[in-house]
Amino acid sequence: MFTDIRGFSTIAEHMDGGEIAGFLNEHFDMLAGPIEAEGGTVDKYIGDAIMAFWGAPERMPDHAARALRAAADIQRLVQADNKRRLDTGEPKLAIRIGIHTGAVVVGNIGSQNRINYTIVGDPVNIASRIDSLAKELATDEDCIVLVSGDACEHANIQADASFDLSPLGEREIRGREGTVKIFRLDAHETER
């Protein structure tokens, strides 16, 4: 899973460093909660983005379903937070989320002087590209969640009461040959 804030550079240009740090800490805390509640690992924060994964170090057969449920919870939280923001005169935030699944390598990766426990592999790149694809598809949504067909298939969620999945067709993914099936996840307002 990758998440990021649409237009973050524009938001940040009107803040000093301390304000940006406080803003991001609050934002990351809100998004990390659902990820961790579903057994996910926040791999890293990259500027205003989060990279998270499921299924390591322990295998998790339902990792894709957990990621989709976490995304639905994040979408609900962002929508509620945007209502609060509008009530207090703050601008609302627009969040993008991309989800994909596949076999990756997990472990300590880096140089002799600095290593990180992380995941690498083509599925990581695809998830990042799906998150970027949301730039083209989002209009003014609070939180758009795009999910690959592979993740939907692996999640095996045909009728989840907490969200809907709508097919958006095959999409080209920058830097890859072929296309990827993309679905849009829309959370229901009621909690599961």
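Taken together, the values in this text are just the output of simple stated rules run on the coordinates, not laboratory data. For clarity, every value in this text was computed on a predicted model and none was experimentally measured. Glycine also receives a Cβ, built like all others from the backbone with ideal geometry; neighbour counts cover every protein chain displayed.
Worth pointing out:
- When the Gaussian network model of the chain links Cα atoms closer than 10 Å, the mean-square fluctuations of LEU137, LEU93, LEU77 top out at LEU137.
- Structural descriptor for the range 44-124: relative contact order 18 percent, calculated from alpha carbon pairs under 8 angstrom and at least 6 residues apart.
- GluC sites (Glu not before Pro) within the range 13-69, DSSP loop, no more than 16 other Cβ atoms inside 10 Å: GLU13, GLU58
- The Cα-based radius of gyration of the range 15-99, divided by its Kirkwood radius, gives an Rg/Rh of 1.01.
- Karplus 3J(HN,Hα) series, Hz, for the range 26-39 with 6.51 cos²θ - 1.76 cosθ + 1.60 (x for Gly, Pro): 5, 4, 5, 4, 5, 7, 5, x, x, 4, 5, 4, 9, x
- Residue by residue, the range 63-72 carries 3J(HN,Hα) couplings of 4, 5, 4, 5, 5, 5, 5, 4, 5, 4 Hz when phi is fed to the Karplus relation 6.51 cos²θ - 1.76 cosθ + 1.60 (θ = phi - 60°); x denotes Gly or Pro.
- Principal axes of the chain: Cα extent on each, largest first, Å: 48, 44, 32
- Computed over the chain with a Gaussian network model linking Cα atoms closer than 10 Å, the most mobile of ALA151, ALA134, ALA12 is ALA12.
- Mean Cα-pair separation over length for the chain, i.e. relative contact order, pairs under 8 Å, 6 or more apart, %: 22
- Under the Karplus curve 6.51 cos²θ - 1.76 cosθ + 1.60, θ = phi - 60°, whole-Hz ³J(HN,Hα) for the range 145-151, x wherever Gly or Pro sits: 10, 10, 10, 6, x, 4, 5
- Where trypsin sites (Lys or Arg not before Pro) fall in DSSP loop in the range 80-161, at most 10 other Cβ within 10 Å: ARG114
- Theoretical ellipticity at 222 nm over the chain - DSSP helices of four or more residues, -39500 (n - 2.57) apiece, nearest 500: -12500 deg cm²/dmol
- Each other residue within a Cβ distance under 10 Å of GLY102 adds +1 if Lys or Arg and -1 if Asp or Glu, for a net charge of -2.
- Given charges at beta-carbon only (K, R positive; D, E negative), |dipole| of the range 26-128 in Debye: 160
- Cα-based Lys pair tally, the chain, threshold under 26 Å, eight or more apart or on separate chains: 6
- Taking the Cα centre of the range 45-192 as reference, the dipole from Cβ charges on Lys and Arg (+1) and Asp and Glu (-1) amounts to some 360 debye.
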